[in-house]
Amino acid sequence: MRFAAALAAAGPQPKPWPSDEGIDGVTMHHRFQPADDGVGLSARLSPVIDRPDRRLAFRKRLRAFIRRPRFRNSLLRAALSLLTERLRAARLDFAQRLDGGPRIRSIRPGAVPLDGARRVAIYIHYAPVPAVSRMVLAQVDAYRDQGFAVVFVSMSPGLPADALPGLEARCALVVERRNYGLDFGAWHDVLPEVLARAPRPSELLLVNDSLCGPFRTLAPAMEAMRAAPEGLYGLTENLAPAPHLQSYFLLARGERAVADMAAFLLRHRVTADKRRTIRAGEVGLSAWMRGHGHPVAAWCGYERVEATALRSPAARRRVRMLYPSLFDGLAEDDVAGMRAALRQRPLNATHLFWRELVEDLGFPFIKTDLLLRNPLGIADDLAWAGLLEAEEDAAVIAEHLALLGKGPVRIAARGGNMRRA
């Protein structure tokens with residue numbers, strides 16, 4: 001089924017559920033069907049469904065937003081930041097419309113066959129300088145080990161000549177693309193080329209390099225997803241602004257599911273506006289797939305992560321430090337009370353519960369943004385190196401972080417002492 005047929009196969013866009021107005025005024029619609037409510041019971045996955053009792057009211061969402069460390073509890077700083085962000089995106093969108101040129105700069109064939117491939121991964125890469133880190137190559141290898149023909153899409157200023165042989169040996173295609181439109185824009189642009197060569201994949205995996213690792217093997221997650229009915233699967237979900245799979249890892253399984261995901265991506269309106277892309281792309285894809293009757297589920301569902309993490313005293317302290325007023329009057333070991341207090345305060349589990357995800361649930365990655373910028377101000381973000389099996393692996397990740405941050409990165413060594421890499 002070629003990409004034009006994929007559009008036709010998807011049919012009309014589903015009718016919306018009641019809208020949910022985001023902080024920045026973007027309206028997202030959600031439509032859910034109960035067909036996959038039991039998928040988690042049979043496949044070690046958690047269905048991504050609406051939880052009306054866990055919706056965060058707009059006022060609370062706004063309050064949590066302005067309490068981020070960079071805004072220092074100032075509504076004015078938050079508003080100026082949003083305005084600056086929106087104006088920058090509008091300027092980039094306008095420049096793109098004026099330019100009108102192709103966003104794909106080059107396509108190089110790799111050593112891995114793509115023609116007729118049944119399992120395809122499209123991996124989005126970015127670095128502020130022309131470079132490909134050893135960690136990125138290790139991630140490509142991890143997806144290859146799971147049977148995927150990897151299409152590598154770089155939105156860096158360029159790919160150095162010495163990186164090309166290694167990429168071409170590992171990948172089916174090596175694509176250079178202008179840095180515009182975020183990951184969903186890149187998937188939108190590259191997908192026609194992929195489907196022209198591999199018109200009927202049974203698995204289409206969308207991934208990016210916004211994660212550090214792998215800290216653990218991907219095998220258990222992939223086994224669970226491949227044991228489930230055909231549908232859309234991810235590693236984790238987020239509950240805000242509506243339940244959805246997080247877009248750093250999205251696996252469509254089954255030709256019909258792949259066709260519907262392809263139709264969504266090809267309809268996607270490419271924009272530099274990150275918030276619009278999250279709502280229309282990341283949140284919208286989960287709603288679109290459920291609206292077309294596909295199971296949508298996460299390997300580490302939110303409630304599973306929350307319940308596991310809150311059994312850890314370290315995780316409870318971490319959450320209390322960030323949101324002390326939520327737990328007034330609760331004893332430090334009152335897990336049930338904390339869970340009740342968090343019913344209408346969904347958290348970013350990949351940040352707040354990063355350690356428990358890896359240690360207790362076997363999650364393969366840690367978010368790069370947490371290690372590089374730590375936007376929530378989590379106190380123990382440097383103690384990640386001890387989760388790796390080999391000290392050299394820590395050096396590989398630190399090298400990647402230094403490349404993104406344009407400087408050396410401090411890491412906590414196994415003995416707890418700080419060193420630079």
Highest mean packing first, using Cβ neighbours within 10 angstrom, the peptides 322-334, 108-120, 163-175, 196-208 sort as 196-208, 163-175, 108-120, 322-334
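Arrange the following residues from fewest to most other Cβ atoms within 10 Å of their Cβ: M321, M225. Before the final figure, lay out the partial values.
Numbers: M321 12, M225 24.
So the residues, fewest neighbours to most, are M321, M225.
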Quick calc, A169 & L76: beta-carbon distance into FRET formula, R0 56 Å, rounding 0.05, result 0.60
Taking alpha-carbon centroids only, the stretch 103-122 lies from the stretch 314-367 a number of Å equal to 41 Å
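Quick one: grab the alpha carbon gyration tensor of the stretch 118-157, order the square roots of its eigenvalues as a ≥ b ≥ c, and give me rounded if a/c is under 1.5, else prolate or oblate depending on whether a/b is larger than b/c. Write out the running numbers ahead of the final one.
On the way: a/c = 4.44, a/b = 1.80, b/c = 2.47.
Verdict is oblate for the stretch 118-157.
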Within the stretch 282-316, the residues whose backbone N lies under 19 Å from a label point placed 7 Å from the Cα of D380 along the Cα-to-Cβ direction are 305-316
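Fewest to most neighbouring Cβ within 10 Å: what's the order for M222, M289?
Values: M222 21, M289 25.
The order, fewest Cβ neighbours first, is M222, M289.
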Given backbone amide H placed at 1.01 Å from N, residues whose amide H is under 5 Å from that of W384, ignoring those fewer than 5 places away on the same chain, are A412
Both in Å, the radius of gyration and Dmax of the C-alpha trace of the stretch 302-420 are 15.3, 45
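Classify the stretch 152-233 from the C-alpha gyration tensor, please: rounded if a/c falls under 1.5, else prolate or oblate depending on whether a/b exceeds b/c. Show your work: numbers first, answer last.
Working: a/c = 1.79, a/b = 1.38, b/c = 1.29.
Cα axes put the stretch 152-233 in the prolate bin.
Since every read-out is calculated from the coordinates, none of them should be taken as a lab result. Keep in mind that this is a model prediction, so the values were computed, not measured. Ideal geometry is used to build each Cβ from the backbone, glycine not excepted, and the neighbour counts take in all protein chains shown.
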